[in-house]
1. Looking only at residues that are of a type in the set (Ser, Thr, Tyr) and surrounded by fewer than 22 Cβ atoms within 10 Å (Cβ to Cβ) in region 84-109, which one is modelled with the highest pLDDT?
2. With at pLDDT below 90 and assigned by TED's automatic domain parsing to the domain that holds HIS689 as the only criterion, which of ARG602, ARG592 stands out?
3. So ILE590 clears everything in (1) of a type in the set (A, V, I, L, M); (2) surrounded by fewer than 18 Cβ atoms within 10 Å (Cβ to Cβ); (3) part of a helix (DSSP H, G or I) except one condition, right? Which one?
4. Loosely packed, with under 13 Cβ neighbours inside 10 Å, over 31 Å from the mean Cα position of the chain (by Cα) and either of a type in the set (Val, Ile, Thr) or on the phi > 0 side of the Ramachandran plot (or both), is that true of THR565?
5. Which residue out of LEU1119, LEU1101, LEU1113, LEU1105 is of a type in the set (A, V, I, L, M, F, W, C) and in contact with a Lys or Arg (Cβ under 6 Å, 6 or more places away or on another chain)?
6. Name the single residue that is modelled with the highest pLDDT among those in region 519-574 being among the aromatic types (Phe, Trp, Tyr) and closer than 22 Å to LEU704 by Cα.
7. If you take the residues in region 41-73 that are within 15 Å of ASP8 (Cα to Cα) and not in a helix (DSSP H, G or I), which one is modelled with the lowest pLDDT?
8. Checking ARG325 against (1) assigned by TED's automatic domain parsing to the domain that holds ALA30; (2) not in a loop (DSSP other than H, G, I, E, B), which test does it fail?
Amino acid sequence: MAHPGLLDLIARSDGTSRLVRAVQDGTTPAQVIGAQGYARLAVAAALFHKVSKPALFVFPSPEEAVTAKRDLGDLLGAERVLLFPAREVMPFETETNKESLWMRIHCLTRLCGLPGEPPVVVMPATAMVRGVMSPGRFRQGCRRYAKGDSVNPLDVVRDLVEAGYERVFSVEGKGQLALRGGILDIFPPPAETPYRLEFAFDEIESIRTFDVESQVSLDSVTEVVVTPATDSPDKQDQASGDSDEGSRMGFTVLDYLGACGLVMVDRIDKCRDVVTEFEKIGAEIASARMIAGTMGAKEASVYLPSPLVHNLLEKGHVMFSPLLRATEGVLYRAIIESDTSSQIGFAGRWADFLGEVRELLARDKRVVILAGNRDRMAMLKRFLDRQEVWNRSLDSVDSEPKPGLVTIALGSGESGFNVEATDLCVFTETEVYGRTHVRQRRARAKKAGLDWRELSAGDYVVHASHGIGQFMGMKTMTVNNVTRDYLYLRYAGSDALYVPVDQVDLIERYSGPEGKPPQLQKLGTGEWARIKARVKASVEDMARRLLTLEAKRKSRTGYAFGPDTPWQREFEDAFEYEDTEDQARATEEIKRDMEAAVPMDRLLCGDVGFGKTEVAMRCAFKAVMDGKQVGVLVPTTILAEQHYATFVRRFAEHPVTIHCLSRFRTPGETRKIVADIQSGSADIVIGTHRLLSKDVSFKNLGLLIVDEEHRFGVAQKERLKELSENCDVLTLTATPIPRTLNMALSGIRDISVIETPPEGRFPVETYVVPMNPSLLSQAIRREMRRGGQVFYVYNRIRSIGRVLQRVQAMVPEARIAVAHGRMNEHELSRTMQDFLQGRYDILISTTIIESGLDLPNVNTLIVEEADKLGLAQLYQLRGRVGRSNRIAYAYFTYRHDRSMTYIAEQRLNALRDFTTMGSGFKLAMRDMEIRGAGNLLGAEQHGFMVQVGYEMYVNLLDKAVRSLRGQKVERVERILTAVEVPVDAFIPESYINNTKERFAFYKRIAGAENEKILGDLEEELVDRYGQLPSQVRNLLDVARLRLFSGSIGVTQVTVAKEDVVLGRKKIIFKVEVPHLFPVDKVAVLHRRFPGAEFDRRAQALSVPLSQSGATPLEQGLTLALHLSRGE
């Protein structure tokens, strides 16, 4: 998407055309005054459109740079505009978010002269304070490899490691490489997919792209360009001599522009102030660390001095300024006044807006309305069509907008403008609706699952027959001259179990609450069988009760709501954000339930901020439109007030009466609200458990929305049952429900899940750091300077007062409040309300803020002694920030002067994975999912889940539900055939030297359900690791023999001696499922397998092995295949 026609029109205005000529003629630096907000970016875009040069546009803050990237991308095309983010926002912060590094490398690569339109790079001023690799070194580090090239793969690896690449076993992210024999995987930072180079000695035989998730090759290509994986300067940069100044002080992104590049600066005075402030804060932090002995002088001098950065800014060609003013260090050669003016706002006053548009069209003006997404475009077009206003709707404005016509196009601008000289009038959603509708491209969320490749020695597992044990690693053992790999499992006492790798599918990883190790079983006692039987009986009983409740609910007659009204469509269109797929699906599922004559009972699950409240409000609106009342029940007063404010804002344009019933209301207000509920004049009532009181009686309750039902007491839940007897019920929960549990409960519990997180927000910058008062005080002051607030979490009530004194001493000017669970509820609610309304800068609290709160103005989180909290708690705490269009920061601190337990150290290491979706994040997700399952099914079932592990529990539940509903189990139980054939069948370390990867393949091979899956696995192994060794080929053939033998009821395949003297052997198929075995085919086996006999008494088929040279495994496989196909 781009709008070249709109830019052509803007470029024809007097001010912009003068600017274009000044740049083309070299009459710079030029100062552009008057252009504000989106108009400034539109003028800049028109200049870039007319002047084909690589350009750099510097802004005072990171947020402004991100907004400029979005808006310029709309106008010029997203591919042309790039963001060069700062390495850190606070001095000396460790860069944990690799995405920022990859974005910078992409910028440098494009500036180095890749084919295509010259790029426009936007950046915050602080991105210039650190030097980058010299252009010469960067270009030298960019290498091109083509099919047929002669190059030693070890030389390639050495060069790439020097260029910043991380060597790993399997490439899973950018900046990584992996060499396995003659296969080299590389993921260059600017690339969309990684590349696989296959070598035949020192020649590149093929180059393929591959999928990171499956590791399987995708498409063949002829060449690949590999860039460096770092932008940091090295020692050689100091002597490279690319520029005299650069060699002395370091290089910046400006050095990549070259002589023909264009540099633009927005509000240079503000940019200089930001750089100076950054240097000041850096000096304070460096001084404190040097005094503490944690930093040396060399580390403290990594930043370019502010005068040098100021000097670089002053070399800009175009300076944007709101007002005409002199700029120190800059002698302007041209002063250009922008001929743009601000647009009039209407904020939803449609009649006034329509009148303005008609007047403009009557004067032959060119009216352009930018809509945030296609839904809004369609709605605006319908509105103008109904009013008989001539208009056209376009994704991209390719030609100049026509006079006397309204052009509706896609655009994210936040403030409209006029260009009088060209009769152009641009409106954005800010003018039309009063707020901007954010267009978001939302990819499908990937669930953070636990991969078998992550199984490590010490992890707990569940064996289907022997119960919970501890995985201690894999061992290669030779038994009876046959070499195989075994899983070593430790059980209670000194018990141990060695499981052959072809039986690894009997094992599941144990998933239970984080930080609570399970009890190991004792082998040979029958204890596991008893536990399994007890859990199975309980699960069946629970499933029976759920089915009975579901049947009763469906037998009752409820109110069938009518189809959506035009008002409903208008209400949904007014949402500020574009729906995620999950939101849209959940809304349709709930509305479909509401329109049925059966009372609804649906659970809506999704993390805080994923859009549950919006879905609930749409359903509430539907109920009100049908003349029904809506009750919204929440567990705390502060949440009630928060929901009330959200509902009031969202329903502002509609005649709906909304009340909030909580302790914040006076007795008089409460009496009036209760009377309104009884008379039916209250449409929507939001309240705490006060809503469940006997004196509250709804006249015509149609929908009850319950937020976090598990947080209510037993008596309150009983009252809920009375209320919801015949009305529709929608329950909201922020604790994730596992997809597998959702599927197991399908048909007996209606669940809608919103898994897609909102995009378009900045990722939370997460730091795990030792406790440092200086660093934390700077972090707090930075948040306060931008008008934000801070959560400071300390989880010990006894000493929280001392923390208050310490924080107050760190930041004397801050207004600080304290909140914890032992406070009087009214006092706690009042404190939270005051914090919500901005009366405090910092809230020091325990983990009571862990869930439920949505405070967009709180964007810095500090957690003291984070290693003492669980991973799931820390994940949820981090979710309290980053809920607006500001960059958010989370600081997890620990005491470096105290020794830690091994578990605490592991937790801290896992915390470091938070921003890279590593195992720590996944463990936190799994812990929360198990909590969610417990909340949904009850405490007793949660206990059973802990006893057998989550996966086995869900399998038992799935079977119970299907059995009770009379459904066939889709997955037929496989017969697990034991294959005892003398052959080496394993994966040698020389082929796959990573234990976790070997284990993952063992698991997949053992679990393969058909020949096609095994064939695909064979192709994947060859693709990723090269030609198969004989042992791996044997392993796959053993799996095929198990598969074919199991399909005909054979449970054991062995090789025995038939004639001791002559050394002849026979293969024996033991049959234990006779109805599957093709006995009628045995008679004709003699033709192909002479001497074949079936012993009906022993239920065994024996076939002498031939002396043809084929191995026993090959002959057994041929026999099993012959029988399974009925040949």
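1. Residue satisfying both the conditions and the ranking: SER100.
2. Answer to the selection: ARG602.
3. Single failed check for ILE590: (2).
4. No.
5. Of the residues listed, the single one that is of a type in the set (A, V, I, L, M, F, W, C) and in contact with a Lys or Arg (Cβ under 6 Å, 6 or more places away or on another chain) is LEU1105.
6. That would be PHE561.
7. Only one residue fits best here, namely SER52.
8. If we test ARG325 against (1) assigned by TED's automatic domain parsing to the domain that holds ALA30; (2) not in a loop (DSSP other than H, G, I, E, B), just (2) comes out false.
The values are calculated or read from the model by the stated rules, or taken from the named source; none is laboratory data. Worth saying up front: this structure is predicted, and the values here are computed from it rather than measured. Note that we place each Cβ from the backbone using ideal geometry, even for glycine, and neighbour counts take in every protein chain shown.
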